[in-house]
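The block underneath contains the structure these notes are about, expressed in structure tokens.
The values are calculated or read from the model by the stated rules, or taken from the named source; none is laboratory data. Keep in mind that this is a model prediction, so the values were computed, not measured. For neighbour counting, all protein chains shown are included, and Cβ atoms are generated from backbone atoms with ideal geometry for every residue, glycine included.
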Amino acid sequence: MAFTEEDYADQELQRRSAINRVMFENKMFIAGSWGADFHPELQPADDEIVLLPHKGIDVFETDLPEHLERLRTTHLVITGMTANLCCESTGRHAMEHGYDVTFVKDAIGAESVPAYEASVHLNYPLIANAVVTVDEFLTAVDTHAGSIQPGDAVLGSDHGEIGTVEEVVAASDDAEGYLLVPRGLIFEKDTFIPLDAVVKRAGEQVFINVPKLIVGKMPWDEPPSRKERSRKLGPPADQVERLYGSRSPSSMKST
């Protein structure tokens, strides 16, 4: 981030939001100052990309989308600061635009414990496909998701432990592939987790893109069938009358 006189005198960014006011009053990230420079140990190399500075809490409001499109990037791994502002806002924007998002929780900082805890335990698990540690992420990079084995621990997108894999069942003509996690101390019934809910495997840990807090509310109490999957897909758009119920005043006939 870097702010100039034009940002405040001409655009009045200090009036935009509370965080912009805080940064303005405390002279944070003033262009040309140490506060707008990289830490000496994190100075970028000559061949590394350095994004244009952002002026709010969403790094997508820079030239980031252009670089992602040019590099054909599909998966963003987010670290940095702050947990409940820039990291979360950027992750939300990325998810809405079709990117897979992973938050590395012990490489993210916040200005308070409540702000960090709310982001990591409540918000990230619903907008990302996984919340992992640095070690888990590095391990997952070298582990193929298809190598899931009985005995692997299953963790939710909130990093909560769901159970242990008892069986890995491949897809067939009539059924979808799934992981069987038997009932135990956490769940009263066997849980059949669709294989396409698995997003990462790090060592002997398997991550799915649903928080542990709501796994018990998912309709996963029997093996997933092709027929049931078809129902979940919903009808084709051209077969729905008054799709979404949306309308635009500009398209309405005058009376």
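Taking G203 as the residue in question, decide whether it is within 24 Å of F103 (Cβ to Cβ), surrounded by fewer than 14 Cβ atoms within 10 Å (Cβ to Cβ) and of a type outside the set (D, E, K, R). Even if it seems obvious, please write down each step before you answer.
Details: within 24 Å of F103 (Cβ to Cβ): yes; surrounded by fewer than 14 Cβ atoms within 10 Å (Cβ to Cβ): yes; of a type outside the set (D, E, K, R): yes.
Considered against the rule, which asks whether it is within 24 Å of F103 (Cβ to Cβ), surrounded by fewer than 14 Cβ atoms within 10 Å (Cβ to Cβ) and of a type outside the set (D, E, K, R), G203 comes out as yes.
Is it the case that L213 is under 23 Å from the mean Cα position of the chain (by Cα), at pLDDT below 90 and surrounded by 12 or more Cβ atoms within 10 Å (Cβ to Cβ)?
Yes; evaluated as a whole, the condition is true for this residue.
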Looking at (1) modelled with pLDDT of 95 or more; (2) more than 20 Å from E111 (Cβ to Cβ); (3) surrounded by fewer than 12 Cβ atoms within 10 Å (Cβ to Cβ), which one does G32 not meet, given that it meets all the others? (1)
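Matching residues to (1) within 27 Å of F137 (Cβ to Cβ); (2) hydrophobic (A, V, I, L, M, F, W, C):
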| residue | (1), (2) |
| --- | --- |
| D10 | no, no |
| R16 | no, no |
| E48 | yes, no |
| K55 | no, no |
| V59 | yes, yes |
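Select from the range 126-167 the residues that are assigned to a helix (DSSP H, G or I) and in contact with a strand residue (DSSP E or B) (Cβ under 6 Å, 6 or more places away or on another chain) and write down the one among them that is modelled with the lowest pLDDT.
Quick first cut of the range 126-167, residues assigned to a helix (DSSP H, G or I) only: 126-127, 134-141, 145-147.
Cutting the leftovers down to in contact with a strand residue (DSSP E or B) (Cβ under 6 Å, 6 or more places away or on another chain) gives us 134, 136-137, 139-140, 145.
Values: V134: 95, E136: 92, F137: 92, T139: 90, A140: 87, A145: 53.
Ranking the candidates gives A145 first.
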Tell me, yes or no, whether the range 172-189 has at least one residue that is in contact with an Asp or Glu (Cβ under 8 Å, 6 or more places away or on another chain), assigned to a loop (DSSP other than H, G, I, E, B) and exposed (fewer than 13 other Cβ atoms within 10 Å of the Cβ). yes
Among the helices (runs of 4 or more DSSP H) confined wholly to the range 1-81, which include 3 or more residues that are outside the structural domain of I108 (by TED's automatic domain parsing)? 5-9, 18-25
When both residues are 6+ apart or on different chains and their Cβ atoms are under 7 Å apart, which pairs have a first residue that lies in the range 188-199 and is over 19 Å from N129 (Cβ atoms), and a second that is surrounded by fewer than 19 Cβ atoms within 10 Å (Cβ to Cβ) and modelled with pLDDT of 95 or more? D190/L180; F192/L180
Flagged in the range 52-83 as over 24 Å from A31 (Cα atoms) and not hydrophobic (A, V, I, L, M, F, W, C), in numbering order, are E69, R70, R72, T73, T74, H75
